[in-house]
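Reviewing the structure listed below.
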Amino acid sequence: MKDAWIAVALLLASLSSLATERTLAYTSDRKAYFGDLHVHTQNSSDAFIFNVRATPDDAYAYARGSAIEHPLGFPIQLRSGTLDFTAVTDHAELLGILPAMIDPNNAMSKLPLAKGIQSTDRESVLKAFYAISRGVRMEGNQSPLRNLKVIRSAWQETIASAERNNDPGAFTTFVGYEYTAAPKSQNLHRNVIFKSSQVPDTPFSSIESGNPEDLWRWLDRQRDKGMEALAIPHNSNVSNGLMFPATNWAGEALDADYANLRMRNEPLVEITQVKGTSETHPSLSPNDEWAGFELYDTLIATEIVSIKSGGFVREAYRHGLEYKEKSGFNPYKFGIIGSSDTHNAGAPVEENNYFSKAGMLDGTAERRGTVPSGIKRKFGPVDASKTFPYWSASGLMGIWAEENTRDSLFSAMKRKETFATSGPRIKVRFFAGYDYQQSLLADPGLIRKAYSNGVPMGSDLARAGSTAPSFLSWAVHDENSALLQRLQIVKAWVSEGASHEKVFDVACSDGLVPDPGTHRCPANGAEVTLSDCSITQSKGAAELKALWQDPEFDVNQQALYYLRVLENPTCRWSTWDAIRAGVKPKSGLATTLQERAWSSPIWYSP
């Protein structure tokens, strides 16, 4: 009996401790938190060479609303308020190496190539940088240019800064870095995000292995040591079709072991950022009128157009369903995030406040080629005017979590209750269940009942006899951006071994309703005045909500559904550049765009 009372006392003490550890903002209904898990500082070599001298502390200061200095000398600051969480993700391969080369107290400053990095001549700096990159790629850890002592010191700086700036309940930092594999300029980059500050002494980089499967195995080993982390791939749009392959690294057919290894370590994918959006492409989704959003399609620092198949998220979702149908496993069952990939330590995610990403290289309209300058600039060997104008003011990640802490946010990432936006802070909810009634939309307990009677984004929904599920979609606009125009549910499914897709408008602004034949909302009349970027204020919705059943649902078919939210049109950043310069917008670029958000999918299994 005494032992039983001791056990009860210990349990109560544990629960009491858990309760006191919760922050004041804790809510079981979960709250949307916005942040950026893809930020570079001076410790990334491709930031440092373009005069970025911002530190990890500066990156966190920017995310919390402070102004920091751009490499060209002007202040940069978020206009739409502070972020809730951030990770500094500097490239692991040359982490901190270039700052060490200009430090006279560091032995690396005495290396022959360091003189080029120390030069005030831009061509000399770039020439030295390319030589350093080639040398490290060829010689690996044997190269004196890859000084592990320097790398570990910079890594400790990354960790210490994250610890200093972490403020549970108010602002969360994650320790992270970027794994930068890019064979023949084909992007296979991943950001690695750790749950806590308990991390390895040295990050695993593409110098150790350019095979992402080796990164996943390394993450498994760290997890066995108590160091929990996940990898998030980005820019599949410029992977030349390698990000979502049909074979493994050895060229063998994918199997359940591959799927389990990948999904265990890579549950999320970055769908939008500065270098374009990777949802889909018109050539892959010809019946989706919005498939051409913010596309960037050339391999890194080249003019080679990336292969489309294998490089976009929606197609990967479809292929994942095919694998599940045929073989019982799904290697592409990931949730969605957005982030910026800024190399200025601050995210350029506001169209009317855009300063691009690469320091002095593209920090003004003239330098990024959206207004006439008479100066030809290079991005690697490429004419910069063919690159920078096509970059995007994007993106951000949304997380539904109980509170703003590492544990809560990371748990949400693991369960894929995440969403992405192209920059605005649009809040997106998406649920599915079999017991939702139309009255739920006006119920004060909507969220509690949505969770208790269904599943949220990122989840699986099992078959319930012959009943079709209902999907609850809900979006709230960003007060600093345009009103909402429509909610869309994107469906993918498998029939007779082949996958298909379809887009359904499920809610329209301004009292409009989707056409039952086309499943499209009528135009709501929202317009943009290109002379000053003013927009129609009387059209659109601050909030859209809908309960929808798939009119083509088949209980026997593998399927997935995700929510896409579209704002009314607004000016693209390049149009803002032109207006400020008093010139016409650059030809060949979209003058307006429809900012948007995407939920993680819900997967239905018969």
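Over 25 Å, how big is the tail of the calculated P(r) for segment 137-264, in percent of all Cα pairs? Before the final figure, lay out each step's value.
Values: 2521 of 8128 pairs.
Result for the distance tail: 31 percent.
Under a Cβ-only charge scheme (Lys and Arg +1, Asp and Glu -1), can you give me the dipole magnitude of segment 304-439 about the Cα centre, in debye to the nearest 20? Provide the component values of the computation, followed by the final result.
Working: 20 positive and 14 negative charges, 83 e Å.
Using only the charged Cβ atoms, the result is roughly 400 debye.
Stretched out fully, how many nm does the piece from GLU123 to SER534 gain, at 0.36 nm a residue minus the Cα gap?
Values: separation 411, 0.36 × 411 = 147.96 nm, distance 4.19 nm.
Length difference between fully extended and current span is 143.8 nm.
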A correct Karplus calculation of ³J(HN,Hα) over segment 307-314, with 6.51 cos²θ - 1.76 cosθ + 1.60, θ = phi - 60°, whole Hz and x for Gly and Pro, returns 5, 7, 5, x, x, 10, 5, 5
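Any idea what the dipole of the chain comes to, in debye rounded to 20, about its Cα centre with Lys/Arg Cβ at +1 and Asp/Glu Cβ at -1? Please report the intermediate quantities before stating the final value.
On the way: 62 positive and 69 negative charges, 165 e Å.
Dipole size: approximately 800 debye.
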Filtered hits (lysines, Cα-Cα < 20 Å from LYS326, offset >= 8 within chain) -> LYS491
Please give the FRET efficiency for SER452 paired with SER495, using the beta carbon to beta carbon distance and R0 = 45 Å, rounded to the nearest 0.05.
0.85
For GLU69 and ASP443, FRET efficiency with R0 = 51 Å and r from the beta-carbon atoms, rounded to 0.05?
0.55
Cα centroid of segment 503-531 to Cα centroid of segment 458-494, whole Å:
17 Å
Run the dipole for segment 426-605 about the Cα centre, Lys and Arg Cβ at +1, Asp and Glu Cβ at -1, nothing else charged, and hand back the magnitude in debye, nearest 20.
320 debye
Please report how far the C-alpha centroid of segment 50-76 lies from that of segment 262-332, rounded to the nearest whole angstrom.
32 Å
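Which order, highest average first, do 394-405, 174-185 follow once you tally other Cβ atoms within 10 Å for each residue and take the mean per peptide? The partial results should precede the final answer.
Numbers: 394-405: 25.8, 174-185: 21.6.
The most tightly packed comes first, giving 394-405, 174-185.
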Starting from the Kirkwood Rh over alpha-carbon pairs, what translational D in µm² s⁻¹ does segment 43-413 have by Stokes-Einstein at 4 °C and 1.567 mPa s?
61 µm²/s
Given LYS195/LYS449; LYS386/LYS539; LYS427/LYS502; LYS31/LYS414, the pairs whose alpha carbons are separated by over 28 Å:
LYS195/LYS449; LYS386/LYS539
Percent of alpha-carbon pairs separated by more than 22 Å within segment 426-605
51 percent
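Which order do peptides 211-224, 464-477 fall in by mean Cβ count within 10 Å, highest first?
Values: 211-224: 16.8, 464-477: 18.9.
Top to bottom by mean Cβ count within 10 Å: 464-477, 211-224.
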Debye calc, one equal point scatterer per Cα of segment 56-159, no solvent, log10 I(q)/I(0) at q = 0.19 1/Å comes to -1.02
Just going by the charge dipole of the chain, with Lys and Arg at +1 and Asp and Glu at -1 on Cβ, which of SER439, ILE579, LEU484 is farthest out on the positive end?
ILE579
Taking a virtual spin label 7 Å from the Cα of ARG580 along the C-beta vector, which residues in segment 336-361 bring their backbone nitrogen under 18 Å of it?
342-361
Would you list, by chain and number, the lysines whose Cα falls below 22 Å from the Cα of LYS149, excluding same-chain residues fewer than 8 positions away?
LYS110, LYS115
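Explain nothing, just the number: relative contact order of segment 349-480, from Cα pairs under 8 Å at least 6 residues apart, as a whole percent. Mind showing how you got there, number by number?
On the way: 175 pairs, mean separation 28.2, N = 132.
Computed value for segment 349-480: 21 percent relative contact order.
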Take the alpha-carbon centre of segment 139-217, take the same for segment 542-606, and report the distance between them in whole Å.
32 Å
Only Cα pairs under 8 Å and at least 6 apart count here; give the relative contact order of the chain as a rounded whole percent.
13 percent
For ASP214 and GLU21, what is the calculated FRET efficiency with R₀ set at 41 Å and r taken between the beta-carbons, to the nearest 0.05?
0.65
Given charges at Cβ of Lys, Arg, Asp, Glu: the chain dipole, positive-most of ALA541, LEU512, GLY241:
GLY241
May I ask you to compute the full-extension gain from SER109 to SER143, defined as 0.36 nm times their residue separation minus their alpha-carbon distance, rounded to one decimal in nm?
10.7 nm
Net +/- balance of residues flanking PRO551 in space, Cβ distance below 13 Å, scoring K and R +1, D and E -1
-3
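All of the numbers you see were taken from the coordinates with simple rules; none came from a lab. Computed from a predicted structure; not experimentally measured. Neighbour counts run over all protein chains shown; Cβ positions are idealised from the backbone, glycine included.
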